[in-house]
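Below is one structure, written out as structure tokens; the observations come after it.
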């Protein structure tokens, strides 16, 4: 009788393990101005619920602390930087500042989160830019371009920080999401979860697998509602996109989007969309923005400087430009053939 009971308990335990290994848990959370979808695989329902509760709390905290125009740690930091006086920076913000300065340099200055005043001038410091769609005065644009606020205007010595340009206004919209996604992945790993996808409005980092196969993701097509194509992700990879179709307004039939070229003060016109595959989602996020700004002649340099695995750029004429590795992994939904940009 004891033997039968032991066998029964073992069967139940194995059944429970098998059930947990096949379970997939999904939670959608509104944050960073988008829907963040967290998917966990091969984890029990109770462990998933606990982990997802922590993720939701962390997302809410980051959204409040890093908001560009509502009162937050970033708005307070900007006031201190604009004063020109040295101050002690919050130790939680210091890694963002240090990494963003490094990425500014590696991106050949095309990723420049110090141009928040330009972004605000264009009316993108609101949830719906279309409400007050209008062009800013050209004189004000030119004034900020000549002032040239950039990440080199921020001097960091240990925990002491000082701004050297009163027009500095940090806007981590092209970087904070990626940095935040990495923090979430680290939270999951700390709880022993090794199979997960964090999808922040189409910007994704994966670890492990979804059940028995690699995570599969789709890539947005800036010209159509249906995806451009899809690919499988390797564990630890991030895929981030930037494009002129996400936040924009129209005046007299012309689209003005939120990705501003620091060199001109106007929305970029080099490309419609850029997609990056890299290990670090913060790097991928910043690189996608940089590739939207940079001319084609600098794409490969940015790829090499920032340590990117693969890049894909959709130009204004609809041409797909990517490296050979991206082309080999991408399954397109159309007959279009990408132009290979490898040397």
For this session: Look at residue 219 and say whether it is touching a residue at least 12 places away in the same chain (Cβ under 8 Å), surrounded by 16 or more Cβ atoms within 10 Å (Cβ to Cβ) and over 21 Å from the mean Cα position of the chain (by Cα).
Result: no
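Give region 59-86 a look and list any residue that's outside any helix (DSSP H, G or I) and under 21 Å from residue 121 (Cβ atoms), or say none.
Just the residues of region 59-86 that are outside any helix (DSSP H, G or I), to begin with: 66-72, 84-86.
Those that are outside any helix (DSSP H, G or I) and under 21 Å from residue 121 (Cβ atoms): 66, 67, 68, 69, 70, 71, 72.
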Exercise. Hey, does region 155-171 have a residue that's at pLDDT below 95, out of contact with any helix residue (DSSP H, G or I) (no Cβ under 6 Å at 6 or more places or on another chain), surrounded by 21 or more Cβ atoms within 10 Å (Cβ to Cβ) and not in a loop (DSSP other than H, G, I, E, B)?
Worked result: no
For this session: Find the residue count for region 287-307, including only residues that are buried (at least 23 other Cβ atoms within 10 Å of the Cβ) and either out of contact with any strand residue (DSSP E or B) (no Cβ under 9 Å at 6 or more places or on another chain) or part of a loop (DSSP other than H, G, I, E, B) (or both).
Result: 2
Exercise. Looking at (1) at pLDDT 90 or above; (2) in contact with a strand residue (DSSP E or B) (Cβ under 8 Å, 6 or more places away or on another chain); (3) assigned to a helix (DSSP H, G or I), can you tell me which one residue 26 breaks?
Worked result: (3)
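Per-residue answers, yes or no, for (1) in contact with a helix residue (DSSP H, G or I) (Cβ under 8 Å, 6 or more places away or on another chain); (2) under 28 Å from residue 116 (Cα atoms):
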residue: 198; (1), (2): yes, yes
residue: 203; (1), (2): yes, yes
residue: 216; (1), (2): no, no
residue: 252; (1), (2): no, yes
residue: 257; (1), (2): no, yes
residue: 264; (1), (2): yes, yes
Problem set entry | Within region 235-279, tally of residues that are in a strand (DSSP E or B) and under 14 Å from the mean Cα position of the chain (by Cα) | 12
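Taking the condition of being in contact with a strand residue (DSSP E or B) (Cβ under 8 Å, 6 or more places away or on another chain) and either in a helix (DSSP H, G or I) or under 30 Å from residue 279 (Cβ atoms) (or both), how many residues in region 124-148 meet it?
Filtering region 124-148 for residues in contact with a strand residue (DSSP E or B) (Cβ under 8 Å, 6 or more places away or on another chain) gives 129-130, 133-135, 144.
Still in the list and also either in a helix (DSSP H, G or I) or under 30 Å from residue 279 (Cβ atoms) (or both): 129-130, 144.
Result for region 124-148: 3.
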For this session: For region 325-343, enumerate the residues that are in a helix (DSSP H, G or I), surrounded by 12 or more Cβ atoms within 10 Å (Cβ to Cβ) and without any contact (Cβ under 8 Å) to a residue 24 or more places away in the chain.
Result: 325, 327
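The values are calculated or read from the model by the stated rules, or taken from the named source; none is laboratory data. These numbers were taken from a predicted model, which means no experiment stands behind them. Note: ideal-geometry Cβ built from the backbone for every residue, glycine included; neighbour counts use all protein chains shown.
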